[in-house]
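The values are calculated or read from the model by the stated rules, or taken from the named source; none is laboratory data. As the structure is a computational prediction, the values presented were derived from the model and not from experiment. Quick reminder, even Gly has a Cβ in these numbers, built from the backbone with ideal geometry, and neighbours come from all protein chains shown. For accessibility, only protein heavy atoms count, side chains too; no ligands or nucleic acids. Shrake-Rupley method; radii C 1.70, N 1.55, O 1.52, S 1.80 Å.
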Amino acid sequence: MNKIFVFGILMAASVASALAQRNTVQINPRLTGGDSSNGKCIIRIMVDDAVNVRIGNGQIRVQTLSGRDTRDDGSECSAILRNGRNLSDFKFRGIDGRGEVRLQSDPRQDPRGEAVIYIKDSQGGDEGYTFEVSWQGDNGATNNNNNRNGNGNGGFFGNNGRNNTNNNSNMRHGNDGSYDRALNACMESVRTQVLEEYSTTNLNFDKVNAANNAGRQDRISGTARAGGRRGDLFQFDCDVNLNNGNVRNVNVRRN
């Protein structure tokens, strides 16, 4: 493992630690009414520096990665996104904002069935950002079955998109913040390694899966593609601790 890559992992771990000090803001959009299986949300928020917006499981949450906490600026939804894993279609569209806005995780592939939108505002001061998400398909009960699977902090899913029920009795559930920290640190470590070893940037992550196993076997794995559909495809595995969000090791290989 080269020194630059080790430095990248250490930096990612530092970022993960810093995230623990940040707040998660709950957005309560105005509900306009409509068919929950053919829904749409227009999210309007004020962003200071960098945030992750998580939409799904009946909630809209904004995690502040750096800068001041986000505040809502008139978000509205026709319905609330719940079971994102079962959707037949999902679309994201950036509308307004001076910085970077991208779909980081499609709810059909996200371990929690949530859409994750990353916003980075590189200029000083708050800026208004507006984006739209829309979906079609089964938007029924939440897919982590919180009332039946322990402490209500969310389940983790395998490749088949269903609860990993074989391990439920041994699962050590982390909270939303620790999972988000592990996911972000893993992605940043993957970006660092791909940049150093393949001189490739602009990765889009999909088919991300989390496994919360006994001992020191927690893992986040998946694929990432550079640029569009024809870009290089990479597979990655991150050995993590889903209780505290730390990343232990990262392995990336190009297909």
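See the values below:
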read-out	value
Residue match in segment 13-23 (condition: modelled with pLDDT of 90 or more, touching a strand residue (DSSP E or B) at 6+ places or on another chain (Cβ under 7 Å) and open to solvent by 10 Å² or more (accessible area, probe 1.4 Å))	no
Pairs with Cβ under 9 Å, 6+ apart, first in segment 240-253 and in contact (Cβ under 8 Å) with a residue 12 or more places away in the chain, second of a type in the set (Ser, Thr, Tyr) and open to solvent by 70 Å² or more (accessible area, probe 1.4 Å)	245/17; 246/17
Where a residue in segment 46-61 is touching a residue at least 60 places away in the same chain (Cβ under 8 Å) and its partner, wherever it lies, is part of a strand (DSSP E or B) and among the aromatic types (Phe, Trp, Tyr), with Cβ under 6 Å and at least six apart	47/129; 52/118
Looking only at segment 195-222, and only at residues there that are open to solvent by 10 Å² or more (accessible area, probe 1.4 Å) and of a type in the set (D, E, K, R), the one that is modelled with the lowest pLDDT	216
Conditions (1) open to solvent by 10 Å² or more (accessible area, probe 1.4 Å); (2) outside any strand (DSSP E or B); (3) modelled with pLDDT of 65 or more; (4) of a type in the set (Ser, Thr, Tyr); number of the one not met by residue 179	(1)
Residue match in segment 29-43 (condition: crowded, with 20+ Cβ neighbours inside 10 Å and farther than 14 Å from residue 134 by Cα)	no
Matching residues, segment 78-101, being in a strand (DSSP E or B) and open to solvent by 30 Å² or more (accessible area, probe 1.4 Å)	88, 89, 91, 92, 93, 94, 95, 96, 100, 101
Cβ pairs under 7 Å, 6+ apart, first in segment 182-203 and more than 13 Å from residue 235 (Cβ to Cβ), second modelled with pLDDT under 85 and hydroxyl-bearing (Ser, Thr, Tyr)	195/201
Residue match in segment 103-121 (condition: in contact with a helix residue (DSSP H, G or I) (Cβ under 9 Å, 6 or more places away or on another chain), at pLDDT 85 or above and β-branched (Val, Ile, Thr))	yes
Which numbered condition residue 192 misses (of (1) at pLDDT 70 or above; (2) within 12 Å of the chain's Cα centre (by Cα); (3) open to solvent by less than 50 Å² (accessible area, probe 1.4 Å))	(2)
